[in-house]
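The values are calculated or read from the model by the stated rules, or taken from the named source; none is laboratory data. Just so you know, these numbers come straight off a predicted model, no measurement behind them. Here the Cβ positions follow ideal geometry from the backbone for every residue, glycine too, while neighbour counts run over all protein chains shown.
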């Protein structure tokens, strides 16, 4: 028999995947139920609404990024090195980004367009990434850290969007190559 927390995690994993692959608006609680193997009636025990579920997905994205940052900072002493490793993880995700866009960026955009009250939760995850990237540039002694962060994030989000729209993963690869050279030169 599945434990309660196991069902919640399965629901969360299914929601995260479906929100990314088919979009928040197109995903129903029935879709999440089917993908997770948790009966629809049980979904409401864990999440009363789809908004509660998107809040949990946003919190999960935040927790995953925090864990990534902790591991990265423990493994890499230099801020430039951390930025380069961050870019390497984007490269590892290139096929998913081409197919579905950035999971956080796409969710932020979709929730904002819908005027969803939960948009703030997704936006907070993107803000967390922004703040961490900015801290790396500041640690490199850059007074223009905020601008550099805007430039890098806009470039990464834009390449994911273009790769998705044009079905061309090379867009991401070329942008990452340019970004790595740019960071190296700073």
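Go through (1) surrounded by fewer than 19 Cβ atoms within 10 Å (Cβ to Cβ); (2) closer than 30 Å to residue 14 by Cβ; (3) free of Cβ contacts under 8 Å to residues at least 12 places away in the same chain and name the single condition residue 75 misses.
Among (1) surrounded by fewer than 19 Cβ atoms within 10 Å (Cβ to Cβ); (2) closer than 30 Å to residue 14 by Cβ; (3) free of Cβ contacts under 8 Å to residues at least 12 places away in the same chain, the lone unmet condition for residue 75 is (2).
Quick one: in the range 15-51, of everything that is within 18 Å of the chain's Cα centre (by Cα) and part of a helix (DSSP H, G or I), which residue is modelled with the lowest pLDDT?
Looking at residues that are within 18 Å of the chain's Cα centre (by Cα) and part of a helix (DSSP H, G or I), I get 51.
Within the range 129-144, identify whether any single residue is in contact (Cβ under 8 Å) with a residue 60 or more places away in the chain and within 19 Å of the chain's Cα centre (by Cα), and answer yes or no.
Scanning the range 129-144 turns up at least one residue that is in contact (Cβ under 8 Å) with a residue 60 or more places away in the chain and within 19 Å of the chain's Cα centre (by Cα).
Give the range 163-186 a look and list any residue that's assigned to a helix (DSSP H, G or I) and surrounded by 15 or more Cβ atoms within 10 Å (Cβ to Cβ), or say none.
163, 164, 171, 172, 173, 175, 176, 179, 180, 182, 183
State which residue pairs qualify: first residue outside the structural domain of residue 106 (by TED's automatic domain parsing) and inside the range 156-181, second residue surrounded by 14 or more Cβ atoms within 10 Å (Cβ to Cβ) and in a helix (DSSP H, G or I) in any location, beta carbons under 9 Å apart, and separation of 6 or more residues or different chains.
Filtered contacts from the range 156-181: no entries.
Can we say residue 111 is crowded, with 17+ Cβ neighbours inside 10 Å, in the same structural domain as residue 80 (by TED's automatic domain parsing) and modelled with pLDDT under 95?
In short, yes.
With the condition kept exactly as written, say whether any residue in the range 96-111 is outside any helix (DSSP H, G or I) and more than 16 Å from the chain's Cα centre (by Cα).
no
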